[in-house]
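Enquirer: Once you've had a glance at the structure underneath, I'll fire off some questions.
The values are calculated or read from the model by the stated rules, or taken from the named source; none is laboratory data. From a predicted model like this one, the values you see are computed outputs, not experimental measurements. Here Cβ is always computed from backbone atoms with ideal geometry, including for glycine, and neighbour counts include all displayed protein chains.
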Amino acid sequence: MRFLTFAVIIVCFLLPSCARHDKPQATKVIGVTLLTRGHMFYRDLEEGIRTEAAQYEYEVIITAAEFDLGKQISQIEDFVAQGVDAIVVCPVDSRGVGTGIKRANEARIPVFTADIAAQEGEIMCHIASDNVAGGRLAGEYLAKVLRQKGSVAIINQPALTSTLDRVQGFRESLARYPGIKIVADVNGFGVRDRALQVSADVLQANPQLDAIFGINDDSALGALDAVRQFKRTNIVIVGYDATPPAQEAILRGTALKADVIQYPSKIGSTTIQTIRKFFLGESIPSSIPVEVGLVDSTILHNALTTGAVNR
C-alpha cells in the first residue's frame, strides 16, 4: 500500500495537470489607450509598442479614444475589469483622464503615460518627446528667419500637457528677442479644420502678422490653409511632428518652412522597455524624455537624396 501511494505521488508529480509549478508563466498583458489613430504620429507610436512588445512576448490590447474623454475612461475601466498587468495612456485630456487612472490605481494596476502626461492619478513613468526643447527649437528657427523682429501667433491646444510644454519652450526662446512679439495664442484643438478657422480669425485681426507656430502638424497645416485663402505670401509657419503631409508642404516651398520632428516609434518602444524594467523589479525614473530635432527643406532634400528620410 505504501509503495502504491508513493507511485501515485510520483505519477501525479510527472503529469502536467498535477505539476502546477512546471506550467509556463502566462504572458504579461498590457492595455493601451491612444489619443487617436487619425494622426500618423500615433500609428507610428502604436507600431513601436507592438514591435517591442513582441520581443518579450507581451500581449498588447490597443484601443483609441479618438479625442473622446468618456470613451478613454471606459477603455481604462475595461482594462481594469480584464485584469491587465499594466496600462499605457495617451490622454485625451490631461486632467480629465485622472478619473480613469485613479480606478486603475485602486486596482493596483501600474499606469504609464506616453506622449501626453496626466495631471491627476498615480503614474509610474511618463515617456514623451522633450517637448520644451522642441518648442525652443521652433522659436529659435523663427527668430533666425525673422531676423529677431516681427509678430507671431501660436495655434495652441491647452488641454494637453505636451502642447503646453511646447508653447512654454517656444515662449522661453522668443523671450530672448525683444523685437519679436506674440500677438495671439488661440486654441485650434489640434485638428486641421478648427486650426483653419482660428487662423483665419488671427489673420484678419493681425494684417501685419509675420509668423505662426502650430503645436502639431494639423495645426500648422490648418494655418497654411488659412494663409492660402487670404493669399498672405509673407508669413512663415513652423509646425510640430514632421508628418509626411507636412514634409511634403515644406518640400513644395509653401509657407510651412520647418517642423520639429519627433520619433513616436521610439517613444512606443521606450514605453515597453520601461514597463519591462518595472515587471523585473528594476528602478525606473518618473519621466523619460525622448530626443527631438528640426527639419527644413534643406534637411529633407538631403534625406531624400541619401534615402534616410526621418520617420
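Enquirer: Any idea which of Glu248, Glu282 is outside the structural domain of Ala159 (by TED's automatic domain parsing) and more than 22 Å from Val167 (Cα to Cα)? Walk me through how you get there before you give the answer.
Expert: On the way: Glu248 fails: outside the structural domain of Ala159 (by TED's automatic domain parsing).
Criteria check complete, one pass: Glu282.
Enquirer: Considering only residues that are touching a strand residue (DSSP E or B) at 6+ places or on another chain (Cβ under 7 Å) and surrounded by 24 or more Cβ atoms within 10 Å (Cβ to Cβ), look in the stretch 236-246 and name the one that is nearest to Glu46 (Cα to Cα). First the steps, then the outcome.
Expert: As a first pass, look at the stretch 236-246 and keep what is touching a strand residue (DSSP E or B) at 6+ places or on another chain (Cβ under 7 Å): 236-242, 246.
Subset that is surrounded by 24 or more Cβ atoms within 10 Å (Cβ to Cβ): 237-242, 246.
Working: Ile237: 28, Val238: 26, Gly239: 22, Tyr240: 19, Asp241: 15, Ala242: 17, Ala246: 20 Å.
Of everything passing the filter in the stretch 236-246, Asp241 is nearest to Glu46 (Cα to Cα).
Enquirer: OK, next. Working only within the stretch 54-89, note down all residues that are of a type in the set (Ser, Thr, Tyr) and surrounded by fewer than 20 Cβ atoms within 10 Å (Cβ to Cβ). Walk me through how you get there before you give the answer.
Expert: Quick first cut of the stretch 54-89, residues of a type in the set (Ser, Thr, Tyr) only: 56, 58, 63, 74.
Tyr56, Thr63, Ser74, listed by residue number.
Enquirer: Next question, about the same structure. Check Arg50, Arg136 and return the single one that is under 30 Å from Ser173 (Cα atoms) and at pLDDT 95 or above. Before you say what the answer is, go through the steps one by one.
Expert: Values: Arg50 fails: under 30 Å from Ser173 (Cα atoms).
Matching residue, one of Arg50, Arg136: Arg136.
Enquirer: Let me ask something else about it. Which residues, counting only those in the stretch 212-251, are outside any helix (DSSP H, G or I), farther than 20 Å from Asn131 by Cα and not charged (D, E, K, R)?
Expert: Within the stretch 212-251, the subset outside any helix (DSSP H, G or I) is 212-216, 230-243.
So of that shortlist, the ones also farther than 20 Å from Asn131 by Cα come out as 230-236.
The answer is Phe230, Thr233, Asn234, Ile235, Val236.
The rows are residues; the columns are (1) of a type in the set (Lys, Arg); (2) modelled with pLDDT of 95 or more; (3) surrounded by 20 or more Cβ atoms within 10 Å (Cβ to Cβ).
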{"site": "Ser162", "(1), (2), (3)": "no, no, yes"}
{"site": "Val191", "(1), (2), (3)": "no, no, no"}
{"site": "Ala195", "(1), (2), (3)": "no, yes, yes"}
{"site": "Leu221", "(1), (2), (3)": "no, yes, yes"}
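Enquirer: What's the number of the condition Thr298 fails, among (1) of a type in the set (Ser, Thr, Tyr); (2) crowded, with 22+ Cβ neighbours inside 10 Å; (3) in a helix (DSSP H, G or I)?
Expert: So Thr298 meets the others, but not (2).
Enquirer: So is Thr254 farther than 23 Å from Asn131 by Cα, in the same structural domain as Gly179 (by TED's automatic domain parsing) and either crowded, with 20+ Cβ neighbours inside 10 Å or modelled with pLDDT under 95 (or both) or not?
Expert: Numbers: farther than 23 Å from Asn131 by Cα: yes; in the same structural domain as Gly179 (by TED's automatic domain parsing): yes; either crowded, with 20+ Cβ neighbours inside 10 Å or modelled with pLDDT under 95 (or both): no.
No; evaluated as a whole, the condition is false for this residue.
Enquirer: Continuing with this model, one more query. Looking only at residues in the stretch 257-273 that are surrounded by fewer than 22 Cβ atoms within 10 Å (Cβ to Cβ) and assigned to a helix (DSSP H, G or I), which one is farthest from the chain's Cα centre (by Cα)? Step through it out loud before you land on a result.
Expert: Narrowing the stretch 257-273 to residues surrounded by fewer than 22 Cβ atoms within 10 Å (Cβ to Cβ): 257, 263, 265-266, 270, 273.
Remaining after also requiring assigned to a helix (DSSP H, G or I): 265-266, 270, 273.
On the way: Ser265: 10, Lys266: 11, Thr270: 12, Gln273: 16 Å.
Only one residue fits best here, namely Gln273.
Enquirer: Considering each residue of the stretch 197-219, count those that are surrounded by fewer than 18 Cβ atoms within 10 Å (Cβ to Cβ) and either of a type in the set (Val, Ile, Thr) or over 30 Å from Pro91 (Cα atoms) (or both), and give that number.
Expert: The qualifying residues number 5.
Enquirer: How many residues are in contact with a helix residue (DSSP H, G or I) (Cβ under 8 Å, 6 or more places away or on another chain) and either within 13 Å of Thr161 (Cα to Cα) or surrounded by fewer than 19 Cβ atoms within 10 Å (Cβ to Cβ) (or both) if we restrict to the stretch 90-102?
Expert: Start the filter on the stretch 90-102 by keeping residues that are in contact with a helix residue (DSSP H, G or I) (Cβ under 8 Å, 6 or more places away or on another chain), which leaves 90-94, 96-97, 99-101.
The next check asks that each one be either within 13 Å of Thr161 (Cα to Cα) or surrounded by fewer than 19 Cβ atoms within 10 Å (Cβ to Cβ) (or both); those that pass are 90-94, 96-97, 99.
Within the stretch 90-102, residues that are in contact with a helix residue (DSSP H, G or I) (Cβ under 8 Å, 6 or more places away or on another chain) and either within 13 Å of Thr161 (Cα to Cα) or surrounded by fewer than 19 Cβ atoms within 10 Å (Cβ to Cβ) (or both) number 8.
Enquirer: For the stretch 146-170, give me the residue count where each residue is assigned to a helix (DSSP H, G or I), touching an Asp or Glu at 6+ places or on another chain (Cβ under 9 Å) and over 28 Å from Arg276 (Cα atoms). Write out each step before concluding.
Expert: At the first step, the residues of the stretch 146-170 found to be assigned to a helix (DSSP H, G or I) are 161-170.
Among the residues that remain, those that are also touching an Asp or Glu at 6+ places or on another chain (Cβ under 9 Å) are: 162, 165, 167, 169.
Now narrow it down to the ones that are over 28 Å from Arg276 (Cα atoms): 167, 169.
Looking only at that region, the number is 2.
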